[in-house]
1. Looking at this structure, is Phe50 closer than 16 Å to Tyr15 by Cβ and not polar (S, T, N, Q)?
2. Residue check, Tyr27 against (1) in a loop (DSSP other than H, G, I, E, B); (2) in contact (Cβ under 8 Å) with a residue 12 or more places away in the chain, all met but one. Which one?
3. Would it be correct to say that Ile22 is of a type in the set (A, V, I, L, M, F, W, C), touching a residue at least 12 places away in the same chain (Cβ under 8 Å) and part of a loop (DSSP other than H, G, I, E, B)?
4. Of Asp69, Asp34, which residue is outside any loop (DSSP other than H, G, I, E, B) and of a type in the set (Asp, Glu)?
5. How many residues does segment 1-37 hold that are of a type in the set (S, T, N, Q) and at pLDDT below 85?
6. Quick one: which residue in Leu60, Leu44 is surrounded by 15 or more Cβ atoms within 10 Å (Cβ to Cβ), of a type in the set (A, V, I, L, M, F, W, C) and more than 23 Å from Ile22 (Cα to Cα)?
7. If you check Glu51, Glu63, Glu74, Glu40, which single one turns out to be out of contact with any strand residue (DSSP E or B) (no Cβ under 9 Å at 6 or more places or on another chain), part of a loop (DSSP other than H, G, I, E, B) and at pLDDT 95 or above?
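The values are calculated or read from the model by the stated rules, or taken from the named source; none is laboratory data. Keep in mind it's a predicted model, so treat the numbers as computed, not measured. Positions of Cβ are backbone-derived with ideal geometry, glycine not excepted, and every protein chain shown enters the neighbour counts.
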Amino acid sequence: MSDSTSSVTSFEEMYDFFLAGITDDMYMEMTKEDTDALLEEVLLAGLPHFEFPRKNIFDLDLENKTFGDKLTQEEMMIIRQYMISE
């Protein structure tokens, strides 16, 4: 359901970006629901480490699992690094 013309970035897009950058098979052995729950936890734990984002990355819609804005590739890469460190 990813739409590159969307005005927001979904958590799912961020999860896919994160998983594409790691080689941990642990995530492949879990159910989709468990994986998404764990990835959301890691995502939310990693965000506070992003010290000077250009956008308000804390403008989150937790019900719809989206950021309030469209993240750039650079922002997603920074968030992924913090997710990895978590």
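1. Here the answer is no, as Phe50 does not meet what is asked.
2. Result: Tyr27 passes all but (1).
3. Working: of a type in the set (A, V, I, L, M, F, W, C): yes; touching a residue at least 12 places away in the same chain (Cβ under 8 Å): yes; part of a loop (DSSP other than H, G, I, E, B): yes.
Judged against the criteria, Ile22 is a match.
4. Asp34
5. Number satisfying all stated conditions: 5.
6. Details: Leu44 fails: more than 23 Å from Ile22 (Cα to Cα).
Only one candidate qualifies: Leu60.
7. Being out of contact with any strand residue (DSSP E or B) (no Cβ under 9 Å at 6 or more places or on another chain), part of a loop (DSSP other than H, G, I, E, B) and at pLDDT 95 or above holds for just one of Glu51, Glu63, Glu74, Glu40, which is Glu63.
Table: residues versus (1) among the acidic types (Asp, Glu); (2) over 14 Å from the mean Cα position of the chain (by Cα).
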residue	(1), (2)
Phe17	no, no
Met26	no, yes
Glu41	yes, no
Ala45	no, no
Phe50	no, no
Pro53	no, yes
Thr66	no, no
Ile78	no, no
Gln81	no, no
